[in-house]
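In what follows, a single structure is set out as structure tokens and then discussed.
The values are calculated or read from the model by the stated rules, or taken from the named source; none is laboratory data. Keep in mind it's a predicted model, so treat the numbers as computed, not measured. Cβ: placed from backbone, ideal geometry, glycine included. Neighbour counts: every protein chain shown. To get the accessible areas, we keep the full protein, side chains included, count just its heavy atoms, and leave off ligands, DNA and RNA. Shrake-Rupley method; radii C 1.70, N 1.55, O 1.52, S 1.80 Å.
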Amino acid sequence: MANAISSDTSRSAARGKHFLSDKVEHFTESVIREMTRQAMLYGAVNLAQGFPDFGAPEEIKQAARAAIERDVNQYAITWGAKTLRNAIARQMGVWQGIAVDPEKEITVCCGSTEAMISTLLAVCNAGDDVVIFEPFYENYGPDSVLSGARPRFVKLRPPAQGNGEWTFEEKELRQAFDKHTKAIILNTPNNPTGKVFTRTELELIRDLCVEFDVLAITDEIYEHILYDGTKHISIATLEGMRERTVTINGMSKTYSVTGWRVGWAVAPEKITNAIRKVHDFLTVGAPAPLQEAGAAALSLPAEYYAGVAENYRVRRDHLIPALETAGFKCFRPRGAYYVMTDISSFRFAGDVQFVNYLVKEIGVAAVPGSSFYRDPPDGAQQVRFAFCKKLETLDAAAQKLEKLRLRT
Ligand SMILES: Cc1ncc(COP(=O)(O)O)c(C=O)c1O
């Protein structure tokens, strides 16, 4: 276990390597999903994978049941049920002031995961570069490799004080752009850091995209999960970006339905046509009745979204003191529902040993920091916790983490 884009080929060489695509040699299974399996194996509290352990809103469960009752049980239109596309277009207008044509610019996919890989497959040629900020959500590395592109990483640096902001260096970002750059993948609010990109930072990225004729692929799945008065800005709203942006979002996080697998990509017509072709042959379509429930979800009132953010703020402020008491240095997230921590006070050789100890001996599952970096040593003193859990679950974790304090 290191990270999802290690290139250790020695083990697979012995195991019928000639049957396998060269591409799969360049990444491993997801470390995040592996940690969930470990949590189950050891009966640990799972603060590893980002899925809620509480229920979804009653209205949308009811809408899903009603759709199945109405026999919405066959393939939807491949690029998405009209009701859901209309709702997405309407809400992009309400939330971000972006005008979207639901007939020509939206592709509904099996989660934003599929929206991302379908987009990359639709836009990348072999030899293209894709710029990715690191630490990164682990899918982006393998997604780039699968689409034939070469990921180029730009560092987000942690704040000196836990309460500060993760930042990147303008010079380093500029150096990552050249004639081979096809796209930049942006994720704001960010997993794993909780960073919410500011307008100034987005303008800097915009200027480079325009100068080098690069596409922005922006994963905005945590759009509504914001703290401390931060505002989410969609890069597509910046002048010059609408025609060069693919905006990805989905139901998983906003409506606590990560298992439903409904997400979408919004892009100009030409790019959408390409994404739709890839999506059709990859999956045909997202679950039809759950798309109908998606239309109902996107019709929830504004208070719903304020409630989501506030409930996660309470959970963040519940978990961070417990982690700090146990000896972690926490980087306070401004958005999303993870807290990245520094584990150096525990004096472990590395994050992987640390999370193994944590899951087996302490009874809490977390994700090793190295899984978010190209070079595992960069994350060797970091560990990520998810707080999209019931307060009882966070309390149970806090109680177990007290045993750690004795070690520091
Ligand atoms: C940044 C980011 N993008 C995408 C996903 C997956 O989203 P979906 O369930 O819509 O595929 C996650 C899940 O943790 C995530 O953190």
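Here are some notes:
- The stretch 273-408: mean projected area of Cα convex hull, nm²: 11.6 nm²
- Expressed as a whole percent, the accessible surface of the stretch 336-389 that belongs to carbon and sulfur atoms is 46, based on a 1.4 Å probe.
- Descending by average beta-carbon neighbour count within 10 Å, the peptides 250-260, 346-356, 360-370 line up as 360-370, 250-260, 346-356, the highest first.
- The charge dipole of the chain, taken about its Cα centre with unit charges on the Cβ atoms of Lys, Arg (+1), Asp and Glu (-1) only, comes to about 720 debye.
- Placing unit charges on the Cβ atoms only, positive for Lys and Arg and negative for Asp and Glu, gives the stretch 53-135 a dipole magnitude near 400 debye about its Cα centre.
- Protection proxy ranking for 153-162, 386-395, using the average of other Cβ atoms within 10 Å per residue and placing the highest first: 386-395, 153-162.
- Cβ-Cβ distance of His318 and Ala349, R₀ of 30 Å, FRET efficiency by 1/(1 + (r/R0)^6): the value works out to about 0.50.
- Length available on full extension from Asn163 to Glu243: 0.36 nm per residue minus the Cα-Cα distance, which gives 25.2 nm.
- Candidate lysines for bridging to Lys360, where Cα separation is under 18 Å - those fewer than 8 sequence places away on the same chain excluded: Lys400, Lys403
- Taking every DSSP helix (H) stretch of at least 4 residues in the chain, weighting each as -39,500 (n - 2.57) and dividing the sum by the residue count yields a mean residue ellipticity at 222 nm of -11500 deg cm²/dmol.
- Take each peptide in 190-200, 32-42, count the other Cβ atoms within 10 Å of every residue, and average; sorted highest first, the result is 190-200, 32-42.
- Within the accessible area of the stretch 23-105, the carbon and sulfur atoms contribute 57%, probe 1.4 Å, all protein chains present.
- Gyration tensor verdict on the chain (Cα atoms; rounded if a/c is under 1.5, prolate if a/b is larger than b/c, oblate otherwise): rounded
- Based on the convex hull around the alpha carbon atoms, the stretch 139-204 presents an average projected area of 5.1 nm².
- Protein heavy-atom surface of the stretch 218-281, 1.4 angstrom probe: 52% of the accessible area is carbon and sulfur, with nucleic acids and ligands not counted.
- Dipole magnitude of the stretch 153-220, debye to nearest 20 (Cβ charges: Lys/Arg +1, Asp/Glu -1, about Cα centre): 160 debye
- The length gained on full extension between Tyr42 and Lys104, counted as 0.36 nm times the residue separation minus their Cα-Cα distance, comes to 17.5 nm.
- Surface analysis of the chain yields an accessible area of 41 Å² per residue, using protein heavy atoms and a 1.4 Å probe.
- Listed residue (Gly164, Val94, Leu319) projecting farthest to the positive dipole end of the chain, Cβ model: Leu319
- Shape class of the stretch 189-292 from the Cα gyration tensor (axes a ≥ b ≥ c, square roots of the eigenvalues): oblate, since a/c reaches 1.5 or more and a/b does not exceed b/c.
- Close amide H pairs (under 5 Å, H built 1.01 Å from N) link Lys195 with Asn190, Arg334, residues at least 5 positions away or on another chain.
- For Ser21 and Lys360, a Förster radius of 35 Å and the Cβ-Cβ distance give a FRET efficiency of 0.55, rounded to the nearest 0.05.
- Selection from Thr200, Thr230, Ile248 lying farthest towards where the dipole of the stretch 147-273 points positive, charges on Cβ: Ile248
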